[in-house]
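Asks: Dropping a structure here in structure tokens format, bear with me for questions.
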Amino acid sequence: MNQATIGYEYADDSDDPHIGSDPTIRAGTIIYDDVAIGDRFSTGHYALVRELTEIGDDVLVGTNAVIDGRTTVGSNVSLQTGVYVPADTTIGDHVFIGPHAVLTNDPYPVGEGDNLIGPTIENHASIGANATILPDVIVGTRSFVAAGSVVVDDVPPATLAIGAPAEHRPLPEEIPRENEL
């Protein structure tokens, strides 16, 4: 059976990761050096957390989910199976990101230069399965991105983003305003 790798050395001067109390880290998971993780961290199988990432308390990183380096993830966050979070992304507290959602950080893939800037997902936002969030987009507090949507512009707080490209609509009453994760 595959074991987890805690402290993948990516540079000669990298430091061991810090993981808080009561983690559940499943087989195949890789956590790089220079990562700081809070208490009650949990992964599915084969999750990947790259270097220079900070993760709060009570965070789930699902099976085959990837968090690339230089990323900040708040507390009470659920990243479901197959989520991709690129480098230079910020995720707030009480955020839900559904299965196979993809966040992006490169406005011109395979371009030259260091123009990477990930999206910002603010507190209590929810992103549905298979949604795509383009670089430098802000998904506002208590906003909801519908499954399969492609978000190309900032989503104002407490707004529904739906479609490809996503249109903004008032948040329906039946959608909770705050996530209790």
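We did not get these values from a lab; they are worked out from the coordinates using the rules stated. Note that the structure is a prediction, hence the values are computed from the model and not measured. Here the Cβ is made from the backbone with ideal geometry for all residues, glycine too, and neighbour counts use every protein chain on show.
Asks: For the chain, calculate the relative contact order in percent as a whole number, restricting contacts to Cα pairs under 8 Å that are 6 or more residues apart.
Replies: After rounding, I find 12 percent.
Asks: Quickly work out the GLU178-to-ASP13 label distance, labels modelled 7 Å from Cα along the C-beta direction, and quote it in nm with one decimal.
Replies: 4.3
Asks: Here is a further query. How much net charge surrounds ILE162 when only other residues with a Cβ under 14 Å from its Cβ are counted (Lys, Arg +1; Asp, Glu -1)? The partial results should precede the final answer.
Replies: On the way: positive: ARG169; negative: ASP153, GLU167.
Here the count lands on -1.
Asks: Still on this structure, please answer the following. Give me the net charge of ALA47's neighbourhood, meaning all other residues with Cβ under 13 Å from the Cβ of ALA47; Lys, Arg count +1, Asp, Glu -1.
Replies: Values: positive: ARG26, ARG50; negative: ASP68.
My count for the surroundings of ALA47 gives +1.
Asks: When Lys and Arg each count +1 and Asp and Glu each count -1, what net charge do the other residues less than 15 Å away from LEU79, Cβ to Cβ, add up to?
Replies: Every neighbour counted, the sum reads -2.
Asks: Assuming a viscosity of 0.890 mPa s and a temperature of 25 °C, what translational diffusion coefficient in µm² per second does Stokes-Einstein assign to the stretch 93-181, Rh being the Kirkwood radius over Cα pairs?
Replies: 190
Asks: Using a Förster distance of 30 Å, how high is the FRET efficiency between THR24 and GLU167, based on the Cβ-Cβ distance and rounded to 0.05?
Replies: Taking R0 as 30 Å, the efficiency between THR24 and GLU167 is 0.15.
Asks: If you don't mind, there's one more thing I want to ask. When only Cα pairs under 8 Å and 6 or more residues apart are kept, what is the percent relative contact order across the stretch 24-75?
Replies: It rounds to 34 percent for the stretch 24-75.
Asks: Report the FRET efficiency, 1/(1 + (r/R0)^6), for SER42 and TYR108, where r is their Cβ-Cβ distance and R0 is 41 Å, rounded to 0.05. Could the numbers behind the result be given before it?
Replies: Values: r = 36 Å, r/R0 = 0.87.
E between SER42 and TYR108, to the nearest 0.05, is 0.70.
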